[in-house]
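Report on the following structure.
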Amino acid sequence: MYLRLPPRIKVLEALGALADGRVRLLAPGRCEVVSSEGDKIYTVHVAGGYAYSNDNGTVHRGYVGYPILACLMAGGALPVDRELAERLRGIPWKRLNEQFKKYEEVMRFIYAERGIDRARAESYIASVLGEVEKLRLRFKPPP
């Protein structure tokens, strides 16, 4: 099964995880990503057109979850906007997602609160999702 493109906010969540130092590159295509609350560790494997992460988005919703995006960013397979990453440092993603209930509202809040240029952020998100689309990743649990 091919993994679908994630909601746009997941690109920002992945970049925030990188900025927070919550992504540990274990080997090429293998990472551990700690959740924004610090209560979960996601295991990520990406190799040969296949990807796996034990996050809800990947396992239950069939899209490329933010831990996979973060791992690909950490490994240099996806672009990283360092300035935007700094503005995303320390965001409590899970709490905001639960508070606002809609990803678009969370993004609006973050853009306003952190003084993020929306056009620049949206351009970066489109660029990352374009690269992810080219990868055409298929879901496959690790051996």
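Does Y63 fit the bill of being in contact with a Ser or Thr (Cβ under 6 Å, 6 or more places away or on another chain), open to solvent by 10 Å² or more (accessible area, probe 1.4 Å) and either of a type in the set (F, W, Y) or modelled with pLDDT under 95 (or both)? Criteria not met by Y63. Find the residue count for region 36-55, including only residues that are in contact with a Lys or Arg (Cβ under 7 Å, 6 or more places away or on another chain), at negative phi, open to solvent by less than 50 Å² (accessible area, probe 1.4 Å) and not in a strand (DSSP E or B). Adding up the residues that qualify gives 1. Those helices (runs of 4 or more DSSP H) of region 62-102 in which at least 1 residues are of a type in the set (G, A, S) and closer than 15 Å to S36 by Cα, considering only elements entirely within it, cover 66-74, 82-87. Residue under question is G90, and the condition is that it be touching a residue at least 60 places away in the same chain (Cβ under 8 Å) and either β-branched (V, I, T) or under 18 Å from F139 (Cα atoms) (or both); does it hold? Criteria not met by G90. Assess whether P28 counts as being on the phi < 0 side of the Ramachandran plot, open to solvent by 10 Å² or more (accessible area, probe 1.4 Å) and in contact with a Gly (Cβ under 9 Å, 6 or more places away or on another chain). So P28 fits the description; yes. Taken over region 103-138, the criterion of being assigned to a loop (DSSP other than H, G, I, E, B) and either within 14 Å of the chain's Cα centre (by Cα) or surrounded by 12 or more Cβ atoms within 10 Å (Cβ to Cβ) (or both) is satisfied by I116, D117, L137.
The values are calculated or read from the model by the stated rules, or taken from the named source; none is laboratory data. In this text, all values refer to a predicted model and were calculated from it rather than measured experimentally. Because the Cβ atoms are built from the backbone with ideal geometry, glycine has one as well, and the counts that use them run over all protein chains shown. Note: areas computed on protein heavy atoms with side chains; ligands, DNA, RNA excluded. Shrake-Rupley method; radii C 1.70, N 1.55, O 1.52, S 1.80 Å.
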